[in-house]
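*Asks:* Here it is: the structure, laid out below.
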Amino acid sequence: TANEGGTVGAVLGVDAAGKTGSTVVFGSDADTQILEMLKSAEVLKGIIAQDPQQMGRRAVELALAAASRTPTAETSVLIPSRVYLSDDTAGIEEWLTVHADGIP
């Protein structure tokens, strides 16, 4: 799937169709609900998660630089994503702890 709603919807659809155990889902985005689904490992087997806090931080830094007319050579900013798999229990628990407020 390509977004949070699609990931949650696909997992719920597999469950509703009685296909748990024979159909798996891979998705994108991370929030508490998705990480809990991944932790259960019944249907959701992997996700790729963006880092919206880092994206916002870099956007503000670059906007402030532009506002102060500070030259920058950057024309593109790449913010690394992270892959979480259902068997990465330590990574899942870390995300749930770091984002206990539910905000990615």
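The values are calculated or read from the model by the stated rules, or taken from the named source; none is laboratory data. Just so you know, these numbers come straight off a predicted model, no measurement behind them. Cβ placement follows ideal geometry from the backbone for every residue including glycine, while neighbour counts extend to all protein chains displayed. Keep in mind that these areas ignore ligands, DNA and RNA; they rest on the heavy atoms of the full protein, side chains included. Shrake-Rupley method; radii C 1.70, N 1.55, O 1.52, S 1.80 Å.
*Asks:* Rounded to the nearest whole Å², what accessible area per residue is found for the chain with the 1.4 Å probe?
*Replies:* The answer is 62 Å² per residue.
*Asks:* Output the 0 to 90 degree angle, nearest 10, between the alpha-carbon long axis of helix 52-67 and the longest principal axis computed from the alpha carbons of the chain.
*Replies:* Approximately 20 degrees, to the nearest ten.
*Asks:* If I compute solvent accessible area with a 1.4 Å probe over the protein chains, what percent of it on the chain is carbon and sulfur?
*Replies:* With neighbouring chains kept in place, the figure for the chain is 58 percent.
*Asks:* Okay, next question. Give the angle, between 0 and 90 degrees and rounded to the nearest 10, that separates the Cα long axis of helix 4-16 from the longest principal axis of the Cα atoms of the chain.
*Replies:* For 4-16 against the chain, the angle is about 0 degrees.
*Asks:* Scan (1) 34; (2) 44; (3) 24 for the value of percent of Cα pairs over 21 Å apart calculated from this model and give just the label.
*Replies:* Among (1) 34; (2) 44; (3) 24, the one derived from this structure is (2).
*Asks:* Whats the longest run of the chain with zero trypsin sites (Lys or Arg not before Pro) that are DSSP loop and have at most 15 other Cβ atoms within 10 Å?
*Replies:* My reading of the result: 20-68 is the longest stretch.
*Asks:* Next question. Once you charge only the Cβ atoms, +1 for Lys and Arg and -1 for Asp and Glu, what is the size of the charge dipole of the chain about its Cα centre, to the nearest 20 debye? Display every interim value, and only then the final one.
*Replies:* Working: 7 positive and 14 negative charges, 71 e Å.
Approximately 340 debye in magnitude.
*Asks:* Could you tell me the relative contact order of the chain? Use alpha-carbon pairs under 8 Å, at least six residues apart, and round to a whole percent. Could the numbers behind the result be given before it?
*Replies:* Details: 128 pairs, mean separation 29.3, N = 104.
Over the chain, the number comes to 28 percent.
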